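The values are calculated or read from the model by the stated rules, or taken from the named source; none is laboratory data. Predicted, not measured: the structure shown is a model, and the values here were computed from it. A quick note on method: Cβ atoms are made from the backbone with ideal geometry, for glycine too, and the neighbour counts reach across all protein chains shown.
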Amino acid sequence: MSVIPAPFSYHRPKSIAEATALLAEHNDEARILAGGQSLIPMMKFRLAAPEHLVDVGAIAELKGIQRVGDALVIGAMTTQHELQLSKTATDAAPILKEASLLIADPQVRYMGTLGGNVANGDPGNDMPAVMMCLDAAYRIMGAAGPRTVKARDFYEGTYATALATGEILTAIEIPVPPAGHGYAYEKLKRKIGDYATAAAGVVLTTRGGRIATCAIALSNLADKAVLATDAAATLIGTALEKPALDKAIAAARAIMSPAADTRGTTEYRTAVGGVMVERALRRALARAKG
Amino acid sequence: MAKMHVKMNVNGAEVESLVEPRTLLIHHLRETLNLTGPHIGCDTTHCGACTIDMDGKSVKSCTVFAVQADGAMITTIEGMANPDGTLHALQEGFRMMHGLQCGFCTPGMIVRAHRLLKEIPNPTEDEIRFGIAGNLCRCTGYQNIVKAIQYAAAKLSGAPMQEAAE
């Protein structure tokens, strides 16, 4: 087992333009280094051996959290630790902090970035499902110019996303959910630092105590983060009464296809996946005002 | 690959070196700078034995390249004791409360706890346990590590300290 990465050339651009130029020059031979908490372990195991590493850690434009009207705009290189400390982010969408605190461990959260978490395309990452619940959009820059892709359209499979070679995620734009919305992120894991055995996020709003809008998304329960659209639709107009809740959980389980691994069999992970959906829904409803 | 010039402040001293880009910070600290306090435990970002303080962050130095630390302020366990050579409150706490047995995790534990107490000077037991969740100890069961950090928190807040039984 090697734990020394293969040799590479290191680049530390100071601007997004400089970074995209480097990516365009080196194409498939370049990888972006964000916080490095996923990529560096992969390089140590030689599961990744990029010839050029483009460290985007010195690009000031990729930092910062701002409220812009009805949107929260978070720079891609914002670390999980910075996100957790941001009152602006937590006031607007408290599910961000709740989910962030469940990622890895303190040291990894000081280095690990929100952009890296959502752009890596690892189905075990937690933020993709959160961004799907919030209906976030990803701002992307490439040699051809800027474009925006919705989180709900971004994920294609394990390590496969809408991000093309040469492109870089620059920021995440989150429409601020209405005041009084309910939210929860439930993650079952074997220990702190582990990826989810199963996890589910919920963002909902209520009217007269009944669910008016609802988004449910799942982490590590398929080859990518998935939005449980049918499950959420079942719950509109309900207050999670038994028959509707059971139907929603069944609909969520129907789209789960977790791999059998050291965290459990496909059957077990699907079973607890349903439990995570139920817990997240109950906690989100209890928090909702309206 | 060509070596790169890096400059960092390590435990108060400016250090300049040439490093290969793929050199991990832990190897740079241990093998080039002879700072063998930070340990290599798992080498896979789990155990926290290699934890150092970099620009006010607790980081696992097995998961950072030395080139990323160019310009950084770094503190390792070697930089924890007071300038007069007396023990830092955390080091004293680990000794007084028996916060170590084999000692392998201790340098990482103390450097991590240092940053935790900077951010939360008077942490609850839960905050301590959550705050050191990235550092594994296979000897103590953590009980006395928690007590050692509580001891240091109290001492750093100016509380009169009672001598622990030796």
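Within the stretch A:188-206, being closer than 27 Å to B:Asn135 by Cα, in contact (Cβ under 8 Å) with a residue 60 or more places away in the chain and surrounded by fewer than 24 Cβ atoms within 10 Å (Cβ to Cβ) holds for A:Leu188, A:Lys189, A:Arg190, A:Ile192, A:Gly193, A:Asp194, A:Tyr195, A:Thr197.
Taking each residue of the stretch A:170-182 that is outside any strand (DSSP E or B) and looking for partners that are of a type in the set (D, E, K, R) with beta-carbon atoms closer than 7 Å, six or more apart or interchain, yields A:Val176/A:Asp70; A:Gly180/A:Lys289. Residues in the stretch A:232-262 that are outside any helix (DSSP H, G or I) and within 20 Å of the chain's Cα centre (by Cα) were compared, and the one that is surrounded by the fewest Cβ atoms within 10 Å (Cβ to Cβ) is A:Ser257.
The single condition among (1) surrounded by 16 or more Cβ atoms within 10 Å (Cβ to Cβ); (2) in contact (Cβ under 8 Å) with a residue 40 or more places away in the chain; (3) away from every other protein chain (no Cβ under 13 Å) that A:Ser86 does not meet is (2). On the given criteria, is A:Gly124 over 25 Å from A:Pro13 (Cβ atoms), assigned by TED's automatic domain parsing to the domain that holds A:Ile74 and surrounded by fewer than 22 Cβ atoms within 10 Å (Cβ to Cβ)? Yes: the conditions hold for A:Gly124. Can you name every residue in the stretch A:1-24 that is of a type outside the set (Val, Ile, Thr), at the interface with chain B (Cβ under 8 Å from one of its Cβ atoms) and more than 16 Å from B:Gln68 (Cα to Cα)? The answer is A:Ala6, and nothing else. Quick one: would you say B:Gln68 is farther than 26 Å from A:Ala104 by Cα and buried (at least 19 other Cβ atoms within 10 Å of the Cβ)? It is false that B:Gln68 is farther than 26 Å from A:Ala104 by Cα and buried (at least 19 other Cβ atoms within 10 Å of the Cβ).
The residues of the stretch B:47-90 that are assigned to a helix (DSSP H, G or I) and either in contact (Cβ under 8 Å) with a residue 60 or more places away in the chain or within 11 Å of chain A (Cβ to nearest Cβ) (or both), listed by number, are B:Ser61, B:Cys62, B:Thr63, B:Ala66, B:Val67, B:Gln68, B:Ala69, B:Glu78, B:Gly79, B:Ala89, B:Leu90. Mind counting the residues in the stretch B:18-46 that are part of a strand (DSSP E or B) and surrounded by fewer than 16 Cβ atoms within 10 Å (Cβ to Cβ)? Count: 1.
Across the stretch B:133-162, the number of residues qualifying as outside any loop (DSSP other than H, G, I, E, B) and aromatic (Phe, Trp, Tyr) comes to 1. The listed residues are A:Ala160, A:Ala129, and the only one of them that is touching a residue at least 24 places away in the same chain (Cβ under 8 Å), assigned by TED's automatic domain parsing to the domain that holds A:Pro94 and surrounded by 21 or more Cβ atoms within 10 Å (Cβ to Cβ) turns out to be A:Ala129. May I ask you to verify whether A:Leu33 is more than 12 Å from chain B (Cβ to nearest Cβ), closer than 23 Å to B:Gly134 by Cβ, buried (at least 16 other Cβ atoms within 10 Å of the Cβ) and touching a strand residue (DSSP E or B) at 6+ places or on another chain (Cβ under 8 Å)? In short, no. When you check A:Lys44 against the structure, is it basic (Lys, Arg), within 14 Å of chain B (Cβ to nearest Cβ) and closer than 28 Å to A:Gly124 by Cβ, yes or no? So A:Lys44 passes the test.
For A:Val176, indicate whether it is among the aliphatic types (A, V, I, L, M), surrounded by fewer than 22 Cβ atoms within 10 Å (Cβ to Cβ), farther than 27 Å from A:Glu267 by Cα and in contact with an Asp or Glu (Cβ under 8 Å, 6 or more places away or on another chain). Yes; evaluated as a whole, the condition is true for this residue. When the stretch A:51-79 is filtered for residues that are within 11 Å of chain B (Cβ to nearest Cβ) and touching a Lys or Arg at 6+ places or on another chain (Cβ under 8 Å), the ones remaining, listed by number, are A:His52, A:Leu53, A:Asp55, A:Gly57, A:Ala58, A:Thr79. Go through the residues of the stretch B:72-85 one by one and say whether even a single one is of a type in the set (S, T, N, Q) and touching a Lys or Arg at 6+ places or on another chain (Cβ under 7 Å). Checking the stretch B:72-85: not a single residue is of a type in the set (S, T, N, Q) and touching a Lys or Arg at 6+ places or on another chain (Cβ under 7 Å).
To keep it simple, each residue is scored yes or no on (1) touching a helix residue (DSSP H, G or I) at 6+ places or on another chain (Cβ under 6 Å); (2) in the same structural domain as A:Asn120 (by TED's automatic domain parsing); (3) aliphatic (A, V, I, L, M).
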{"residue": "A:Ile211", "(1), (2), (3)": "no, no, yes"}
{"residue": "A:Leu221", "(1), (2), (3)": "yes, no, yes"}
{"residue": "A:Ala233", "(1), (2), (3)": "no, no, yes"}
{"residue": "A:Leu245", "(1), (2), (3)": "no, no, yes"}
{"residue": "A:Gly273", "(1), (2), (3)": "no, no, no"}
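In the set (1) more than 11 Å from chain B (Cβ to nearest Cβ); (2) in contact (Cβ under 8 Å) with a residue 24 or more places away in the chain; (3) buried (at least 16 other Cβ atoms within 10 Å of the Cβ); (4) not aromatic (Phe, Trp, Tyr), A:Asn27 fails one condition alone, (3). Tallying residues that are free of Cβ contacts under 8 Å to residues at least 40 places away in the same chain and within 14 Å of chain B (Cβ to nearest Cβ) within the stretch A:90-123 yields 8.
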